[in-house]
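What follows is one structure encoded as structure tokens, with my remarks underneath.
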Amino acid sequence: MRIGIDVGGTHTDAVLLDNANILASVKAPTSKDVVTGVISALTNILQGQQVDTIDAVMIGTTQFTNAVVERRQLAEVAAIRIGLPSGVDIPPMTAWPDDIADAIGRHTYMIDGGFLYDGWPLAELNNQQIQGVIDDIKEKNITNVAIAAAFSPMNAQPEHAVAEAIKAQIPNVRITLSYQMGRLGILERENAAILNASLLPFADIVVSAFQNALKDQGLSCPMFISQNDGTLMNAKFVRQYPALTFASGPTNSLRGASQLTGLKNAIVVDIGGTTSDIGVLQEGFPRESNMVIEVGGVRTNFRMPDIQAVAMGGGSHISSDGNKIGPQSVGHQLLQKGLIFGGETLTATDIAVAHANLDIGDHAKVATLPSELVKRATDNMHELLDRHIDMMKPNSEPVPVILVGGGSVLISEDLKTASEIIRPENAAVANAIGAAIAQIGGEAEQFVSYREVSRDDAISMVTQKARQSAIEAGADANSLTVVDIEETAIPYMDDGNTRVRVKVIGEVAKLVKQEAN
Amino acid sequence: MQLTNEQLDDLVLGAVFLATGGGGDPFVPQLLTAQALKRFGSVKMIQPDELANDAFVACIGGVGAPTVSLELLPSIAESVAPVKAFEQQTGKKLDALVSFEIGGANSLVPIIAAAATGIPIVDGDGMGRALPEAQMMTYAIEGVKPTPAIACDYEGNLTTFTTGNTATYERHIRSLAMSSGGMITTIEHPMSGAQLKAAIIPGTVSFSIELGRVLRGNRGTAEAMLPHLQEVFSHSIYGECRLLISGKVTDKATRIVGGYDIGSAAIVAFEDESEQLHIDIKNEYLVATQNGELKASVPDLIVIADYETCTPINAERLRYGQRVAVFAVGCPDYFRSEKALAAVAPKCFGFDLEYKPLESL
């Protein structure tokens with residue numbers, strides 16, 4: 001059996017799963033320190049269970065995204081770019097918002113090295129320059145470092161060489177290499193590495209807290225944390241790559257909705273306290289955004305689900321004429337500020353309760369709302385959602401719409417865009433289910449010349465690298481399957497030069513062993 | 001007119017619109033241009049008729065695969081070194097620099113070079129849009145020789161070309177680009193003020209700024225934007241502007257053939273699903289047809305933009321499911337002459353169809 005936990009802004013949810021069967025689910029408020037909420041969810045879900053029957057715990061958390069967005073818990077980072085003589089006018093952290101650049105410090109360095117697209121050296125590494133950087137880092141007492149080299153996804157040797165030189169002289173240093181953070185596009189990859197490096201100390205705190213919480217409950221099974229593409233990382237991996245958790249929440253919600261409904265192709269609307277997040281399920285996985293993704297105002301190249309956020313949630317303010325929905329929301333204070341909970345603010349939840357006679361809060365508080373107001377606000381909420389669903393739909397045909405999240409009670413009527421509306425049982429804990437069912441993925445990317453290497457050999461070479469990265473993350477080698485092969489030729493160039501990206505996915509090794517037993 | 005960082009956002013937005021899907025992502029070139037203008041100050045931009053007939057002018061821009069610039073970041077020096085080397089080799093001072101094409105990133109390279117050297121740029125370009133090959137530039141069509149030309153790579157290596165015709169020159173610079181990290185900056189097609197005035201598509205830099213301002217100031221749906229676009233284009237060398245369709249991308253596929261991104265896209269109207277627009281792509285959006293009926297073709301401009309905001313979408317970013325608007329804009333009259341069409345008509349891109357001006361369709 002496995003436990004899935006979702007740490008959201010307002011609630012911490014937990015589910016207990018035996019294969020795909022949901023045995024129990026609980027919801028607890030997210031505590032300020034996060035861990036207390038996790039412990040309370042764990043305690044509740046484990047009631048009456050033998051702890052030794054639990055094979056794995058999967059956790060999805062928004063803490064790292066929030067740290068970046070709120071500019072807190074961020075460590076100072078030395079950002080080293082290996083790419084001179086190219087890029088001299090665009091140093092690391094160019095075009096970052098001032099507040100986050102200040103929080104992380106502006107310790108940027110540029111040195112010779114890196115490669116060209118065809119594998120020719122851009123420049124040789126220069127030991128004197130490297131020593132200069134190390135001396136400065138030592139003097140500034142910086143212990144978190146991000147290194148990015150030109151074309152490192154094809155050849156990471158310069159990043160490794162500089163990292164080794166630093167480690168030799170600064171033993172307690174923590175280093176993030178950009179090639180491990182993803183794709184081509186040095187500025188975005190470097191930004192991702194810098195954000196990741198700045199989160200390393202916080203990642204230790206978070207992972208240790210989760211591990212202690214598990215230990216306190218008597219759980220000795222492995223723990224995994226969700227990443228943005230719907231796959232899992234083990235604890236050791238999270239301590240190194242906390243930034244890969246960005247946007248795992250929406251991904252888990254989509255995957256959970258697919259699991260709950262058995263639908264592989266649908267629109268999923270996760271209605272929370274402040275926003276409704278609309279995503280698209282394609283073959284059981286979120287449609288990925290192919291736009292550059294900003295996290296806290298910083299451009300990155302993380303793989304993110306394509307999500308349209310609409311400012312409508314259970315806590316959204318409703319104007320007194322019912323015409324304006326949000327964007328302000330009482331958020332997690334709904335339980336204090338909403339009319340039905342004895343507060344003073346007219347919220348979307350109050351309208352839904354008045355309109356559909358929901359069994360939430362105190363009905364008497366909304367009994368006197370004018371019926372035109374309730375009708376108009378209800379219509380406006382449905383229209384707002386319809387309009388945004390229509391934008392996300394893959395074609396003009398109506399599609400199944402899956403409603404999840406605590407705010408899904410807001411939608412009580414038909415939606416024009418929907419062929420059907422599905423409200424899965426346990427929808428409120430879809431994120432936790434998405435976390436629990438996740439597999440372990442691995443990805444690799446390389447530029448190859450099909451003139452020098454045959455296409456089959458190239459794909460198998462990249463696949464091998466992707467498999468290796470999945471196994472390192474805790475996947476069972478035998479269960480790994482290739483889920484995506486992407487080949488992109490470089491425009492204007494020789495026909496032979498192609499960027500090959502392979503993604504593999506497989507079961508958690510521990511669970512496979514259990515099933516075998 | 002002085003170009004400053006204040007106009008840069010508008011210039012880039014307008015230039016991406018005129019790029020008709022090509023020209024590459026402008027993010028990195030824009031960052032570099034902003035750095036150059038900040039470091040060296042504003043750039044003087046002159047109108048073509050301000051140049052003396054015996055003035056000495058050359059074109060400057062990037063050649064290669066924009067994709068590699070994602071890793072091999074361009075620098076200010078790469079735009080400056082070839083200008084200095086060119087002046088040294090020819091023994092003549094340049095009176096102005098001019099752009100290959102207004103569409104996309106190549107509208108910015110002359111500005112970077114001009115900021116650092118103090119040489120003015122000319123308000124205009126050799127395409128009035130983006131097109132993939134050097135012989136499609138008005139300068140080449142008007143018989144300006146491509147060389148002497150100098151190319152500069154990321155390391156400052158300089159290569160000199162002496163080549164008789166632009167098509168051969170195009171092949172040579174492509175192969176140099178490939179062996180120099182995928183992207184080079186070239187200064188080429190030197191000409192006199194008189195030659196430039198006969199060949200240039202005038203006013204396109206200032207027009208891009210104006211167009212960008214219109215797009216930004218009236219951000220909104222395609223239908224709401226259309227009258228603003230028609231207004232700004234009707235007072236320009238482009239003239240006609242039409243909204244061909246508002247709808248959803250139901251198909252998009254491209255593959256690389258002979259160094260180009262070749263393929264097509266289909267867009268189905270929101271209102272009437274039987275109405276479907278087919279777009280042929282070869283790096284740029286080149287031909288638009290509906291049920292086999294021609295709606296617009298190169299050299300007229302076909303622009304695909306986000307439906308909600310009218311932000312232009314590059315061909316590499318266009319994808320299934322996007323809600324888009326397709327605009328068609330008349331090309332400058334120059335490209336409708338027989339000799340210009342010999343270089344840029346649909347058949348030059350391998351399409352078996354005769355060019356018909358947008359207004360006649």
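Key figures for this structure:
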item: Residue match in the stretch B:284-295 (condition: on the phi > 0 side of the Ramachandran plot, outside the structural domain of B:F17 (by TED's automatic domain parsing) and either of a type outside the set (A, V, I, L, M) or open to solvent by less than 40 Å² (accessible area, probe 1.4 Å) (or both)); result: yes
item: Qualifying positions in the stretch A:43-70 - surrounded by 17 or more Cβ atoms within 10 Å (Cβ to Cβ) and either under 21 Å from A:E190 (Cβ atoms) or without any contact (Cβ under 8 Å) to a residue 12 or more places away in the chain (or both); result: A:F64, A:T65, A:A67, A:V68
item: Every residue from the stretch B:280-289 that is touching a helix residue (DSSP H, G or I) at 6+ places or on another chain (Cβ under 9 Å) and not basic (K, R); result: B:D280, B:I281, B:N283, B:E284, B:Y285, B:L286, B:V287
item: Answer residue from the stretch A:87-113, given it is β-branched (V, I, T) and not in a strand (DSSP E or B) and is nearest to the chain's Cα centre (by Cα) among those; result: A:I100
item: Qualifying residues in the stretch B:313-333 (those that are surrounded by 19 or more Cβ atoms within 10 Å (Cβ to Cβ) and away from chain A (no Cβ under 14 Å)) - the one farthest from B:D251 (Cα to Cα); result: B:P332
item: Segments classed as strands (runs of 3 or more DSSP E), wholly inside the stretch A:1-76, with at least 1 members that are touching a His at 6+ places or on another chain (Cβ under 6 Å) and not assigned by TED's automatic domain parsing to the domain that holds A:V173; result: A:21-29
item: Residue match in the stretch A:364-383 (condition: open to solvent by 30 Å² or more (accessible area, probe 1.4 Å), at pLDDT 85 or above and under 28 Å from A:N252 (Cα atoms)); result: yes
item: Tally, over the stretch A:278-299, of residues that are modelled with pLDDT of 90 or more and either under 21 Å from A:S226 (Cβ atoms) or touching a Leu at 6+ places or on another chain (Cβ under 6 Å) (or both); result: 4
item: Test: residue in the stretch B:74-84 that is assigned to a helix (DSSP H, G or I), within 21 Å of B:E210 (Cα to Cα), under 19 Å from the mean Cα position of the chain (by Cα) and in contact (Cβ under 8 Å) with a residue 12 or more places away in the chain; result: no
item: Failed condition for A:I134, given (1) of a type outside the set (S, T, Y); (2) open to solvent by less than 50 Å² (accessible area, probe 1.4 Å); (3) part of a helix (DSSP H, G or I); (4) not assigned by TED's automatic domain parsing to the domain that holds A:R189; result: (4)
item: Residue that is surrounded by the fewest Cβ atoms within 10 Å (Cβ to Cβ) [pool: residues in the stretch A:410-436 that are hydrophobic (A, V, I, L, M, F, W, C) and modelled with pLDDT under 90]; result: A:A428
item: Single residue of B:T20, B:T4 found to be among the β-branched types (V, I, T), away from every other protein chain (no Cβ under 11 Å) and open to solvent by 40 Å² or more (accessible area, probe 1.4 Å); result: B:T4
item: Pairs, first modelled with pLDDT under 85 in the stretch B:268-280, second assigned to a loop (DSSP other than H, G, I, E, B), C-beta under 7 Å, six or more apart; result: B:E273/A:S396
item: Selected residue [closer than 30 Å to A:M181 by Cα and not in a loop (DSSP other than H, G, I, E, B)] from A:A352, A:A377, A:A364, A:A444; result: A:A444
item: Condition met for B:I262 (in a strand (DSSP E or B), buried (at least 16 other Cβ atoms within 10 Å of the Cβ), at pLDDT below 85 and within 14 Å of another protein chain (Cβ to nearest Cβ)); result: yes
item: Condition check for B:G104: within 14 Å of chain A (Cβ to nearest Cβ), touching a strand residue (DSSP E or B) at 6+ places or on another chain (Cβ under 6 Å) and modelled with pLDDT under 95; result: no
item: Enumeration of residues in the stretch A:13-38 that are open to solvent by less than 50 Å² (accessible area, probe 1.4 Å) and among the β-branched types (V, I, T); result: A:V15, A:V26, A:T30, A:V34, A:V35, A:V38
item: Entirely in the stretch B:269-361, the strands (runs of 3 or more DSSP E) that have 1 or more residues that are under 20 Å from B:S234 (Cα atoms), basic (K, R) and in contact with a Phe, Trp or Tyr (Cβ under 6 Å, 6 or more places away or on another chain); result: none
item: Per-region count, the stretch A:269-294, residues away from chain B (no Cβ under 14 Å) and open to solvent by less than 10 Å² (accessible area, probe 1.4 Å); result: 4
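The values are calculated or read from the model by the stated rules, or taken from the named source; none is laboratory data. Quantities reported herein were computed from a predicted structural model and do not represent experimental measurements. FYI the Cβ positions are ideal-geometry reconstructions off the backbone, even for glycines, and counts take in every protein chain you see. Accessible surface areas use protein heavy atoms only, side chains included; no ligands, DNA or RNA. Shrake-Rupley method; radii C 1.70, N 1.55, O 1.52, S 1.80 Å.
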